[in-house]
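One structure is given below, encoded as structure tokens.
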Amino acid sequence: MTWINKYLTNDEMKKIEETISRVEEETSGEIVPVIVKRSSAIGHVPLVLTLILTLVFVLAEIPYSDWLWVTPWVWMWFPVLIVIYGVSFFLAKLHWFQKVFVSEADEIAQVHQRAQLEFYSNKIHRTEAGTGVLIFVSVMEKKAVILADEAISGKLPPDTWNNLLKDLRASLHDGHWHAAFTKAIETCGQHLKTHFPIAETRKNQLKNHLVVKE
């Protein structure tokens, strides 16, 4: 997944994983950072672009309609529509168009759904004491979510995560991805070790990996 290297180098990703290992030496909590390329469905984007570009083309050809809509020129509409769809399919792959044609409400809903999916698919809910934390970032939507398991949620108020998210989003917006994740993990660890200090028989239940997905 070479796209992630636009935001983090391989060395920076390794350092993030080292930060997880270091932080978890002081707490029984488990921290899992996840970055996905996008959460929102974009299958509708090529069709929407095709309709828009076709409408623009129809409006543009109105002055020439007297001869474009008669034989043999009328048959040119079929290859024109195929070309328009091909252009739309290409444009739909671009981040800007994907962002434009997904509403803010849909983005928020689908990012939270994807965060919940990653929470369960990465088995963060399977820790023995319910002390797993997901730090989730969806790149296309430029949104972040933090989900804490039941035991942690009962100890820490929502403002704890809201403040952490505020700092995380600000650093990501400034392009400081390595610093953003490092600080978020360290801050999360500070909160966790207060309520969930390291146990004498503590075992690492989740891999200390930075998870990157499409």
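Would a scan of the stretch 84-104 turn up a residue that is surrounded by 13 or more Cβ atoms within 10 Å (Cβ to Cβ), among the aliphatic types (A, V, I, L, M) and farther than 28 Å from Val137 by Cβ?
Looking for residues that are surrounded by 13 or more Cβ atoms within 10 Å (Cβ to Cβ), among the aliphatic types (A, V, I, L, M) and farther than 28 Å from Val137 by Cβ, one finds at least one in the stretch 84-104, hence yes.
Return the residue satisfying two criteria in turn: it lies in the stretch 1-37 and is assigned to a helix (DSSP H, G or I) and hydrophobic (A, V, I, L, M, F, W, C), and of such residues it is nearest to Ile198 (Cα to Cα).
Val23
Can you work out which of the residues in the stretch 152-164 that are of a type in the set (A, V, I, L, M) and under 21 Å from Ile16 (Cβ atoms) is farthest from the chain's Cα centre (by Cα)?
Ile152
Looking at this structure, is Val45 over 30 Å from Phe119 (Cα atoms) and of a type in the set (A, V, I, L, M)?
So Val45 does not fit the description; no.
Look at the stretch 17-38 and say how many of its residues are polar (S, T, N, Q) and modelled with pLDDT under 90.
The qualifying residues number 2.
With the structure loaded, tell me whether Ser40 is under 30 Å from Leu192 (Cα atoms) and in contact (Cβ under 8 Å) with a residue 40 or more places away in the chain or whether it fails that test.
no
Could you list, in sequence order, all residues of the stretch 1-17 that are of a type in the set (Asp, Glu) and either surrounded by 12 or more Cβ atoms within 10 Å (Cβ to Cβ) or not assigned by TED's automatic domain parsing to the domain that holds Ala148 (or both)?
If the condition is that a residue be of a type in the set (Asp, Glu) and either surrounded by 12 or more Cβ atoms within 10 Å (Cβ to Cβ) or not assigned by TED's automatic domain parsing to the domain that holds Ala148 (or both), then Glu12, Glu17 are the ones that fit.
Give me the helices (runs of 4 or more DSSP H) completely within the stretch 44-160, filtered to those with at least 2 residues that are in contact (Cβ under 8 Å) with a residue 60 or more places away in the chain, in the same structural domain as Glu24 (by TED's automatic domain parsing) and under 26 Å from His178 (Cα atoms), ordered by residue number.
In the stretch 44-160, the matching helices (runs of 4 or more DSSP H) lie at 104-121.
In the set Asp149, Asp174, Asp167, which member is within 19 Å of Val36 (Cα to Cα), more than 13 Å from the chain's Cα centre (by Cα) and surrounded by fewer than 21 Cβ atoms within 10 Å (Cβ to Cβ)?
Result: Asp174 is the single residue among Asp149, Asp174, Asp167 that is within 19 Å of Val36 (Cα to Cα), more than 13 Å from the chain's Cα centre (by Cα) and surrounded by fewer than 21 Cβ atoms within 10 Å (Cβ to Cβ).
Go through the residues of the stretch 60-73 one by one and say whether even a single one is exposed (fewer than 13 other Cβ atoms within 10 Å of the Cβ) and touching a helix residue (DSSP H, G or I) at 6+ places or on another chain (Cβ under 8 Å).
Looking for residues that are exposed (fewer than 13 other Cβ atoms within 10 Å of the Cβ) and touching a helix residue (DSSP H, G or I) at 6+ places or on another chain (Cβ under 8 Å), one finds at least one in the stretch 60-73, hence yes.
Within the stretch 10-33, track down each residue that is without any contact (Cβ under 8 Å) to a residue 40 or more places away in the chain and not acidic (Asp, Glu).
Within the stretch 10-33, Asn10, Lys14, Arg22 qualify.
The values are calculated or read from the model by the stated rules, or taken from the named source; none is laboratory data. Please read these numbers as outputs of a predicted model, since none were measured by experiment. Using ideal geometry, Cβ is built from the backbone for each residue, glycine included, and neighbour counts are taken over all protein chains shown.
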